[in-house]
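Written below as structure tokens is the structure these notes are about.
The values are calculated or read from the model by the stated rules, or taken from the named source; none is laboratory data. Everything numeric here is computed off the predicted structure, so don't read it as measured data. Note that we place each Cβ from the backbone using ideal geometry, even for glycine, and neighbour counts take in every protein chain shown.
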Amino acid sequence: MNSMDITIELTAPVDNICDYTFDFHWQNNHLDPMSVVPDQSGTQFTYYDIVGALKEGRNIYIKGDVGARFAYSHGVDLKHSGGSGNPGYAGRVFVCGNVGEEAGMGMVSGTLYVSGDVVEPLGNIIEVVSDMQGYKKFRSITDILCNGLGADTLVLNTFNEKERRLTLDDGIVRGTIGARCDCMASIIVEGDAYNGTGLLMRHGTITIKGDGGMNTGAHLSGGTVIVLGTVGEFAGAYMKGGVLVFKNAKGYVGAEMKDGVIYSNKKVKTSPPSGKSKMKGKDSALIRNLLDIGRVESMLYNKYEVEEEKEKYITVHMRDGSVVRRKVE
């Protein structure tokens, strides 16, 4: 530890520590970045102080338990803050205590060390063999996919570095798996996933062999997300590209969709501007290739994409009693 590092002692668990989004402050004002982190003992660090130090590559030492959404979008150079939206440099965080649920959601770089337990669901993180005695070590799944393990070794699961293929079979439920992935890699989940699989993913393929949670494929910007079971509400919301495939969905799909395509085995409800479109031969061929199924079964899938804007007309009643439809300019 050097003089530039930050040490903070908490007397009670605090949510959103090391959260690069500041709990999405710009959208709903949940958290003021310049506000002082509550329940500190002897210090007055703000949320911004901590994130700013991490962006400079400094280390953060936290004594005490941490609450939910720890290290949210850790390492992201956020566009809303004037950044590129790509992974950036991030320092290490050491927690001498326990960590609440949704740790590392959307995390793309940096390293987390935790001495206690981490409550499920986890985010886009995976445990590797620790190089610090008394601490568990976690890295971003996206970071490992695109940059490799380096000197690290997975505690569980399997990573084929040559093929960039990660198989998650440890039974741990994770959210935002593959967030912002921008390399040709693949992830296979031998079970269910939590919310936000494929968030802002640009390249690669994710296959969930169980069910997916809410916001599966939300903001998907390329690549492919396959769910062999049912996805939760708001699947494919704000999609900008790529392919989302699933068996069935709860609630509406494709809200505020910009581009890309959604395939569902069961008919689902859509939100504007997405709508049902006609399956073609190339669609059936894609489904066969992605799911390794037969031609007949592939033809049972339904296709949804952004509908072409319908021309608007108004009804005009003429003096002679006739009715005409005129296009609205």
Inset, instruction - Quick one: count up the residues across region 266-310 that are touching a Pro at 6+ places or on another chain (Cβ under 6 Å) and within 20 Å of residue 231 (Cα to Cα). - result: 1
Legend entry - Count of region 246-276 residues which are touching a residue at least 40 places away in the same chain (Cβ under 8 Å), on the phi < 0 side of the Ramachandran plot and buried (at least 16 other Cβ atoms within 10 Å of the Cβ): 6
Inset, instruction - Could you check how many residues of region 17-46 are touching an Asp or Glu at 6+ places or on another chain (Cβ under 7 Å) and crowded, with 18+ Cβ neighbours inside 10 Å? - result: 1
Legend entry - Verdict on residue 28 being farther than 23 Å from residue 180 by Cβ and modelled with pLDDT under 90: no
Inset, instruction - Quickly run through region 84-103 and pick out the residues that are in contact (Cβ under 8 Å) with a residue 60 or more places away in the chain, closer than 19 Å to residue 64 by Cβ and under 14 Å from the mean Cα position of the chain (by Cα). - result: 102
Legend entry - strands (runs of 3 or more DSSP E) contained entirely in region 80-182, each with at least 2 residues that are crowded, with 18+ Cβ neighbours inside 10 Å and among the hydrophobic types (A, V, I, L, M, F, W, C): 92-96, 111-114, 125-128, 165-168
Inset, instruction - Please verify whether region 222-236 includes one or more residues that are part of a loop (DSSP other than H, G, I, E, B), closer than 18 Å to residue 255 by Cα and of a type in the set (Ser, Thr, Tyr). - result: no
Legend entry - Residue count, region 148-177 (criterion: under 15 Å from the mean Cα position of the chain (by Cα) and closer than 15 Å to residue 209 by Cβ): 3
Legend entry - In region 206-245, the residues that are closer than 20 Å to residue 123 by Cβ, among the polar types (S, T, N, Q) and surrounded by fewer than 23 Cβ atoms within 10 Å (Cβ to Cβ): 207, 221
